[in-house]
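The values are calculated or read from the model by the stated rules, or taken from the named source; none is laboratory data. What you are looking at is a predicted structure, and each value in this text was computed from that prediction instead of being measured. Don't worry about glycine lacking a Cβ; one is built from the backbone with ideal geometry, like all the others, and counts go over all protein chains shown. These accessible areas exclude ligands, DNA and RNA; they are computed on the full protein's heavy atoms, side chains included. Shrake-Rupley method; radii C 1.70, N 1.55, O 1.52, S 1.80 Å.
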Amino acid sequence: MSFIPGQPVTAVVQRIEIQKLRQGENLILGFSIGGGIDQDPGQNPFSEDKTDKGIYVTRITPKGPAEVAGLMMGDKIMQVNGWDMTMVTHDQARKRLTKKNEDVVRLLVTRKSLEEAVNNSKGHQARH
């Protein structure tokens, strides 16, 4: 079994539930996204190898609903309310997140810092 430095051994998945904040007609999530299959992954600071076209959290509003729920900058969004988010355009992702009739958004995210923490806690005795 070979291990490539810099490659995550396991993806740590986090479930995050965000209660949208109602401001007049708007429902506020409190974060911004980057990425999508129609975007240039080379412009995405969170895309590891600059070919990942996934949807990433690029900005969090301090004390906003997303921060309160535990979402972090750099999280990669895998699912929104059960919808796959790994192969969507930027616009499709935005629409999935901002549906007017949904007060709660359930996200499935992978987080790099978690992966590193898990790998480090395993120690390095897994070498063969």
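Quick rundown of the values:
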item	result
Failed item, numbered, when VAL104 is tested on (1) more than 13 Å from ILE55 (Cβ to Cβ); (2) at pLDDT 95 or above; (3) within 16 Å of the chain's Cα centre (by Cα)	(3)
Elements of type strands (runs of 3 or more DSSP E) contained in segment 9-103, each with 1 or more residues being open to solvent by 50 Å² or more (accessible area, probe 1.4 Å)	13-19, 21-23, 26-28, 55-60, 76-80
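Listed here are the residues, each with its yes/no results for (1) closer than 16 Å to THR110 by Cα; (2) under 15 Å from the mean Cα position of the chain (by Cα).
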{"site": "ILE16", "(1), (2)": "yes, yes"}
{"site": "GLN23", "(1), (2)": "no, no"}
{"site": "LEU29", "(1), (2)": "no, yes"}
{"site": "GLY42", "(1), (2)": "no, no"}
{"site": "THR58", "(1), (2)": "yes, yes"}
{"site": "ALA66", "(1), (2)": "yes, yes"}
{"site": "ASP75", "(1), (2)": "yes, yes"}
{"site": "ASN81", "(1), (2)": "yes, yes"}
{"site": "MET87", "(1), (2)": "yes, yes"}
